[in-house]
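Reading through the structure tokens given below for one structure.
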Amino acid sequence: MSKILIVEDERKIARFLELELTHEGYTVLTAADGREGLQKALDEQPDLLILDLMLPELSGIEVCRRLRHESDVPIIMLTAKDDVSDKVMGLDMGADDYMTKPFAIEELLARIRVALRKPRTLNAAADAEPEKEGLLKAGKLTLDPERYAVEFDGEAISLTKKEFDLLHYLMLHRDKAATRDALLSDVWGYDYAGDTNVVDVYVRYLRHKIDDRFGIHTIQTIRGVGYMFSYE
Ligand code: CA
């Protein structure tokens, strides 16, 4: 069973997570400050880290930055506040995902399952193996960012700019679940203040224009998390 390291200085939260994750069958280790967390992450080689952002000794960001020199273990960051710059910095430092406290335990468990399933790679974009500059291929589906063109088996698919951007993002991160938050941030922008259902609506548009039309299944729903492009 997977080994999870919880680095969290708030005792109540750490204890709660420890109980929940143990109950789920994970082997759980804990650390109460950043320095101890980094040391345990290196010594114990956990399969996943749950890393609080605000920690004594070393901040979560710093732990993440140092750990990434040594390891590509999945890291889910916990942020106490809904501070975009902290999240961005965490993701830039190599965290795989983040959750804002307070969070629903079911959502964290879902994200843990997703993170443990991901094939590990330090460079997400390298997965796409573009043939020409930026060209993305999945089976008979191609997306050419330079021409803003999407085709299936040579047949053009007409997409709006936003549909194109969403598909582009999902294909770049193929076989990896993208959270609604990540899609909103990266496709719609951090200042996006509209309805969060917009992601679901646009996924429906894409499914209609691609999956329904060509009888394929490209965008999977990851329950409680978001969406994943997965198609050969
Ligand atoms: Ca804290």
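The values are calculated or read from the model by the stated rules, or taken from the named source; none is laboratory data. The shown structure was predicted, so the numbers you read here are calculated from the model rather than taken from an experiment. Quick reminder, even Gly has a Cβ in these numbers, built from the backbone with ideal geometry, and neighbours come from all protein chains shown. With ligands, DNA and RNA removed, areas are computed over all heavy atoms of the protein, side chains included. Shrake-Rupley method; radii C 1.70, N 1.55, O 1.52, S 1.80 Å.
Key figures for this structure:
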read-out: Residue list for segment 2-24, restricted to those being farther than 16 Å from VAL73 by Cβ, among the hydrophobic types (A, V, I, L, M, F, W, C) and more than 12 Å from the ligand (Cβ to nearest atom); value: PHE16, LEU17, LEU19
read-out: SER2 being among the polar types (S, T, N, Q), farther than 20 Å from ALA178 by Cβ and at pLDDT below 90; value: no
read-out: Some residue of segment 31-51 being in a strand (DSSP E or B) and more than 17 Å from the chain's Cα centre (by Cα); value: yes
read-out: Options ALA41, ALA31: the member that is within 16 Å of the ligand (Cβ to nearest atom) and either buried (at least 20 other Cβ atoms within 10 Å of the Cβ) or outside the structural domain of MET99 (by TED's automatic domain parsing) (or both); value: ALA31
read-out: Flag for ILE112 being modelled with pLDDT of 90 or more, in the same structural domain as GLU18 (by TED's automatic domain parsing) and in contact with a Phe, Trp or Tyr (Cβ under 9 Å, 6 or more places away or on another chain); value: yes
read-out: Of the criteria (1) at pLDDT below 90; (2) of a type in the set (D, E, K, R); (3) outside any loop (DSSP other than H, G, I, E, B), which one GLU232 fails; value: (3)
read-out: Matching residues in segment 47-70 - criterion: being open to solvent by 30 Å² or more (accessible area, probe 1.4 Å) and more than 16 Å from the ligand (Cβ to nearest atom); value: ASP47, ARG65, ARG66, ARG68, HIS69, GLU70
read-out: Tally of residues being open to solvent by 10 Å² or more (accessible area, probe 1.4 Å) and not in a loop (DSSP other than H, G, I, E, B) across segment 1-28; value: 14
